[in-house]
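Student: One structure, as structure tokens, below. Some questions next.
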Amino acid sequence: MEKGLYKPLFGCWCFCAAAKMSGKGPGFFSEIGKRGRDILTKDYNSDQRFTISSSTNSGLDLKSTLVKSRGLSSGDVAAEFKYKNKAVNVKVDTESNVLTTFTVSDVVPSAKTIASIRLPDYSSGKVEVQYLHEHVAFTLGVGLDRSPVIDFSGTMGTPSIAFGAETSYSTSVGKFMKYNAGLCLKMPSSNASVILGDKGDSMKVSYLHQLERLNGGVVVGEISRRFSTNENTLTVGCSYVVDSQTVLKAKLNNHGNLGALLQHELTLQARL
């Protein structure tokens, strides 16, 4: 089976997908407030994208993407092979970069190991371990060079309420490069989150509510503050699923910046 995806642009056309957090455990730190962030920030651009993908019953997936942005064209070809609890992904782009990722799930129960490298930069190698259990989740990533950066994040709680933090430590300079903390509360039709970021210099409070009567519509409100400059920003946004292939999104902040997008996916199916 082959699928062709054509995503034209009007103002901002792009792809929008809601992040689905696992019902097991509190989820990873990167998932705190992610769904609201995606509605307010993801894919608001004027890129034109053309994607062709195909899948086989043997576990091999192929995907080719061409992007035109500001008069410049780029593209990549990716192949992913899955077998039982293992996956290999190779992506080659038009700048001759080759990204290879190896993923092994359930090496130990509830754990996943990911190793990646981007050639020709041999110092870009990285190994990451993810662990997700009923009341705790964490990720640990280590760069594969002489002075690696160590990334760590952890959360504690349940699928309904969780607290977490993340940090990055540079062994070359011997200090923490970032540390953030977050709290999220999830209910059946809404969720709220608070994230303290930029080493404590910024805070974002967001609330998302799902409108079941409007075909899966979602509204989001976010207040962000940067303490060093006393700058406050209020942003509201919404997402509306017209049908299984069409999504509308819009956002507006208190500075008068308005963003809107319409994404339509055309799927062609053929039997080989």
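The values are calculated or read from the model by the stated rules, or taken from the named source; none is laboratory data. Just so it is clear, the structure is predicted and the values come from calculations on it, not from any experiment. Neighbour counts run over all protein chains shown; Cβ positions are idealised from the backbone, glycine included. SASA here: full protein model, heavy atoms, side chains in, ligands and nucleic acids out. Shrake-Rupley method; radii C 1.70, N 1.55, O 1.52, S 1.80 Å.
Student: Distance in nm between label sites at Ser147 and Glu231, each 7 Å beyond Cα in the beta-carbon direction?
Tutor: 3.0 nm
Student: Which whole-number value in Å² is the accessible area per residue of the range 89-171, probe 1.4 Å?
Tutor: That works out to 58 Å² for each residue.
Student: A follow-up question, please. If you roll a 1.4 Å probe over the range 120-272 with all protein chains in place, what percent of the accessible area is carbon or sulfur?
Tutor: 61 percent
Student: Can you tell me the Rg and the Dmax, both Å, for the Cα atoms in the chain?
Tutor: 20.3, 60
Student: Which whole-Hz ³J(HN,Hα) couplings does the range 133-145 yield from phi under the Karplus relation 6.51 cos²θ - 1.76 cosθ + 1.60, θ = phi - 60°, glycine and proline marked x?
Tutor: 3J(HN,Hα) across the range 133-145, in whole Hz: 10, 4, 10, 8, 8, 8, 10, 9, x, 10, x, 9, 9.
Student: Treating the beta-carbon of each Lys and Arg as +1 and of each Asp and Glu as -1, no other charges, what is the dipole magnitude of the range 127-180 about its Cα centre, to the nearest 20 debye?
Tutor: So the dipole magnitude of the range 127-180 works out to roughly 220 debye.
Student: Still on this structure, I have one more. With a point put 7 Å past each Cα toward its Cβ, work out how far Ser30 is from Leu72 in nm, to one decimal.
Tutor: 2.5 nm
Student: Which far-off residues, 5 or more places away or on another chain, put their amide H under 5 Å from the one on Ser190, with H placed in the peptide plane?
Tutor: Here the answer is Gln210, since their amide H atoms fall under 5 Å of that of Ser190.
Student: Now, a different point. Using a 10 Å cut-off on Cβ atoms, rank the peptides 35-47, 172-184 from the highest mean neighbour count down.
Tutor: 35-47, 172-184
Student: Would you work out the charge dipole size for the chain about its Cα centre, treating the Cβ of every Lys and Arg as +1 and the Cβ of every Asp and Glu as -1, and quote it to the nearest 20 debye?
Tutor: Using Cβ point charges on Lys, Arg, Asp and Glu, the chain gives about 140 debye.
Student: So what is the relative contact order for the range 138-272, in percent, with contacts set as C-alpha pairs under 8 Å and at least six apart?
Tutor: Relative contact order here is 11 percent.
Student: Using only Cα positions of the range 131-272, each an equal point scatterer, no hydration layer, compute I(q)/I(0) via Debye at q = 0.12, 0.16, 0.19 Å⁻¹ and quote the log10 values to two decimals.
Tutor: Results for the range 131-272 at q = 0.12, 0.16, 0.19 Å⁻¹ read -0.75, -1.06, -1.15.
Student: Give the residue from Leu258, Leu211, Tyr131 lying farthest towards the positive end of the charge dipole for the chain; charges sit on Cβ (+1 for Lys and Arg, -1 for Asp and Glu) and the dipole is referred to the Cα centre.
Tutor: Looking along the dipole axis, the top candidate is Leu211.
Student: Taking the Cα centre of the range 133-247 as origin, work out the dipole magnitude from +1 charges on Lys and Arg Cβ and -1 charges on Asp and Glu Cβ, in debye rounded to 20.
Tutor: With only Lys, Arg, Asp and Glu charged at Cβ, the dipole is about 260 debye.
Student: Quick check: residue separation of Leu140 and Asp243 times 0.36 nm, minus the Cα distance between them. What number comes out in nm?
Tutor: Stretched fully, the Leu140-Asp243 segment lengthens by 33.2 nm.
Student: Could I ask something else about it? In terms of Cα to Cα distance under 28 Å, which lysines are near enough to Lys24, apart from those fewer than 8 places away along the same chain?
Tutor: Qualifying lysines at Cα under 28 Å: Lys34, Lys42, Lys82, Lys84, Lys86, Lys112, Lys126, Lys178, Lys186, Lys204.
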